[in-house]
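Novice: Sharing a structure here in structure tokens format.
Quick note: the coordinates plus some simple rules give every number you see, no bench work behind them. Just so it is clear, the model here is predicted, and its values are computed rather than measured. Please note: Cβ atoms are built from the backbone with ideal geometry, for glycine as well, and neighbour counts cover all protein chains shown.
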Amino acid sequence: MTTAQQLLKNIFGYAAFRHQQQAIVEHVISGQDALVLMPTGGGKSLCYQIPALARPGLAIVVSPLIALMQDQVEALQQLGVEAAYLNSSLSSEDNQRITQQALSGVLKLLYVAPERLMAASFLALLDSVHQQIGLALFAIDEAHCVSQWGHDFRPEYRQLTVLHQRYPDVPRIALTATADAPTRGEIVSQLHLEHAAQFVSSFDRPNIRYLVGIKNNARQQLLAFLSREHAGDAGIIYCLSRRKVEETAAWLVEKGWSALPYHAGLPAQLRELHQRRFLREEGIIMVATIAFGMGIDKPNVRFVAHLDLPKSMEGYYQETGRAGRDGLPANAWMVYGMGDVVSMRQMLDSGEASEERKRLERLKLDALLGYCESTGCRHQSILRYFGESHPGDCQQCDNCLHPVDTWQATEVAQMALSCVYRTGQRFGVGHLIDVLMGKSTPQVQRFQHAQVSTFGIGKGLSLAQWSSVYRQLIATGLLEADMTAYGGLKLTAAARPVLKGEQAVWLRRDAEPANNISKAERSARAKEAFAGANDNPLWQALKAKRLALAKAQGVPPYVIFHDATLLEIHNRKPQTLDELGQISGIGQAKLQKYGDAFLEVLEEMAE
């Protein structure tokens with residue numbers, strides 16, 4: 001057994017590496033640079049933690065968020081690993097103590113923010129460590145922060161090239177959970193990783209079920225989804241605006257759910273409190289803007305819901321990837337409407353970014369809309385976007401579970417497009433539908449649109465059907481919002497062949513919202529995940545013991561054991577420490593710390 005495998009088993013409690021982990025670990029242990037693209041929950045942390053333990057000296061981990069540092073360090077300390085972090089939350093005494101530990105060789109991993117790393121005093125500390133005990137490696141986590149095209153751009157990351165210049169003999173490993181081709185290229189160029197080996201894992205998250213529906217009283221749709229699938233589960237709900245975050249959280253509390261708001265406008269102390277509660281308590285729902293999420297390492301988030309459209313496929317993928325990090329089944333649920341599409345495009349167009357950046361952001365939004373309106377396998381659509389193939393028919397998305405009907409909509413599309421043209425290409429969807437359905441509203445009368453040739457020709461379709469048609473025509477690029485006309489729709493060049501009858505149009509037929517999963521399916525899914533554990537007294541007793549141990553130490557419950565480990569204890573019911581030590585996720589330190597406590601629970605419940 002290699003040193004890496006021994007560390008994996010003895011410290012982390014896992015019998016074997018997953019996917020590319022072993023190749024990455026051995027590459028970095030040998031002293032080589034690496035760029036690692038691995039989905040959330042794929043085990044990125046092990047790719048630098050094991051080399052840090054295997055190589056002599058101190059490993060420096062660059063991390064963008066205080067919460068992420070604390071989470072990682074707490075987890076390592078539970079495993080018996082000497083790890084610490086330096087950030088603004090510490091007192092001067094703690095800073096001094098940790099600095100001395102770094103210089104004396106006590107520490108194996110030290111987590112710092114990029115701003116701290118670039119300080120002259122810290123670089124001087126690194127010089128001393130390098131000379132006295134050696135630097136094992138530099139790990140640059142959340143490496144997409146270096147890219148101006150990424151959705152979490154942090155200018156400080158661009159200064160990290162100093163590591164290569166100042167310590168050329170120390171291996172570097174840059175890691176990210178998502179990066180499209182332009183972002184990946186920028187990571188390589190900005191961090192001077194041209195000669196680094198690139199390890200790109202599959203972006204597929206087979207345990208996540210993707211569900212996308214049309215908004216039709218979004219709050220009630222959300223409530224039905226939560227009640228049907230996720231009673232008592234931890235989850236994240238994303239909203240576009242701060243106001244909507246607060247209103248949604250308050251409404252969920254009124255309905256009896258444990259929900260907390262999180263956005264950048266809340267006082268820092270309150271944000272920190274809510275984040276700590278989400279991490280350390282069971283069954284908390286966080287309602288948040290995208291200000292919440294990066295670095296949240298809670299493995300048992302059972303769902304991520306979007307009440308508004310994200311900005312891009314990268315954003316959607318990373319946000320939904322916060323569900324099911326433990327590998328157990330999870331849901332990614334989203335509802336959206338045409339108003340989301342228009343609002344998002346208005347936000348992009350009215351921003352202060354360069355025209356090049358705006359053009360790229362529009363393309364990214366269009367790709368997300370194409371995903372939403374797709375009639376095919378959603379896992380396949382996501383992987384195609386990231387340049388990866390997938391056979392389709394995943395049986396883990398709404399389109400595969402409930403295949404979507406399509407219809408030949410060329411004539412209807414021509415009506416919709418003609419109405420846009422005949423009314424002057426400056427009106428919104430509501431007005432256009434009124435004209436098509438022959439409604440003489442005050443606005444229709446004011447602009448004399450009862451006299452245009454398209455007035456009343458669309459009476460055969462309902463309001464909901466016309467809304468669906470227009471939403472899909474926007475999504476497919478036949479129409480676009482004109483910013484000079486307050487969001488009014490105008491034709492694109494792609495509409496011409498449709499109007500001339502040279503190109504057919506097929507649209508998806510919107511049935512009931514795609515998130516309606518039957519009770520039978522839900523029951524089967526829960527059974528598959530937890531084998532009935534949720535209703536079992538032993539499962540509840542094991543969770544109670546984990547929570548009590550966590551509270552006593554002031555750490556999140558999953559730092560003691562992940563749900564997957566607890567589930568294996570529940571199902572296998574070990575009777576000795578040796579048997580308990582064979583369970584995945586239980587290394588020697590945790591076996592010594594918690595083994596007897598959990599065996600006592602098993603013994604008591606067996607009586």
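Novice: Ala139: net charge of surrounding residues, Cβ under 13 Å, Lys/Arg +1, Asp/Glu -1, itself excluded?
Specialist: Charge balance in the 13 Å sphere: +1.
Novice: If the cut-off is a Cα-Cα distance under 21 Å, which lysines reach Lys244, setting aside same-chain residues fewer than 8 apart in sequence?
Specialist: Straight-line reach from Lys244, under 21 Å: Lys215, Lys255, Lys311.
Novice: Nothing charged except the Cβ atoms of Lys and Arg (+1) and of Asp and Glu (-1): what's the magnitude of the dipole of segment 532-606 about its Cα centre? Round to the nearest 20 debye.
Specialist: Dipole about the Cα centre, nearest 20: 280 debye.
Novice: Nearest 20 debye, what's the magnitude of the dipole of the chain about its Cα centre given +1 on Lys and Arg Cβ and -1 on Asp and Glu Cβ?
Specialist: With Lys and Arg at +1 and Asp and Glu at -1, about 1300 debye.
Novice: Here is a follow-up. So what J values fall out for segment 324-337 if you push phi through Karplus, 6.51 cos²θ - 1.76 cosθ + 1.60 with θ = phi - 60°, rounded to Hz, Gly and Pro as x?
Specialist: x, 5, 7, x, 7, x, 8, 10, 10, 10, 8, 10, 8, x
Novice: Let me ask something else about it. Are there chymotrypsin sites (Phe, Trp or Tyr not before Pro) in segment 88-194 that DSSP marks as loop and that have at most 16 other Cβ atoms within 10 Å, and which are they?
Specialist: Passing sites in segment 88-194 are Phe153.
Novice: In whole percent, what relative contact order does the chain give with Cα contacts below 8 Å and a gap of six or more residues?
Specialist: Relative contact order for the chain comes out at 14 percent.
Novice: Once phi is turned into ³J(HN,Hα) by the Karplus curve 6.51 cos²θ - 1.76 cosθ + 1.60 with θ = phi - 60°, what whole-Hz value does each residue of segment 425-435 show in order, with x for glycine and proline?
Specialist: 6, 8, 10, x, 4, x, 5, 4, 5, 4, 5
Novice: Just how large is the dipole of segment 208-401 about the Cα centre, in debye to the nearest 20, putting +1 at every Lys and Arg Cβ and -1 at every Asp and Glu Cβ?
Specialist: 240
Novice: Sticking with this structure for a sec: Could you work out how far the C-alpha centroid of segment 261-282 sits from that of segment 458-481, in angstrom?
Specialist: Measuring centre to centre over Cα atoms gives 40 Å.
Novice: A follow-up question, please. Can you order the peptides 90-101, 57-68 by their average number of other Cβ atoms within 10 Å per residue, highest first?
Specialist: 57-68, 90-101
Novice: What do you get for the angle between helix 563-572 and the principal long axis of the chain? Use alpha-carbon atoms, 0 to 90 degrees, nearest ten.
Specialist: On a 0 to 90 degree scale, this one is about 70.
Novice: Further question: Which whole-Hz couplings ³J(HN,Hα) result when phi for each residue of segment 226-233 is put into the Karplus expression 6.51 cos²θ - 1.76 cosθ + 1.60, θ = phi - 60°, listed in order with x for Gly and Pro?
Specialist: These are the phi-based 3J(HN,Hα) values: 5, 5, 6, 10, 9, 4, x, 8 Hz.
Novice: Using the Cα gyration tensor of segment 66-207, with a ≥ b ≥ c the square roots of its eigenvalues, what is the shape: rounded (a/c below 1.5), prolate (a/b larger than b/c) or oblate (neither)?
Specialist: Prolate, since a/c reaches 1.5 and a/b exceeds b/c.
Novice: For segment 135-207, which GluC sites (Glu not before Pro) are both in a DSSP coil and crowded by at most 13 other Cβ atoms within 10 Å?
Specialist: Hits after loop and neighbour filter: Glu194.
Novice: In whole angstrom, how far apart do the alpha carbon centroids of segment 346-399 and segment 115-172 sit?
Specialist: 33
Novice: Ok, one more. What does the C-alpha gyration tensor say about the overall shape of segment 208-401? Classify as rounded when a/c is under 1.5, otherwise prolate if a/b is larger than b/c, or oblate.
Specialist: Since a/c reaches 1.5 but b/c is at least a/b, the shape of segment 208-401 is classed as oblate.
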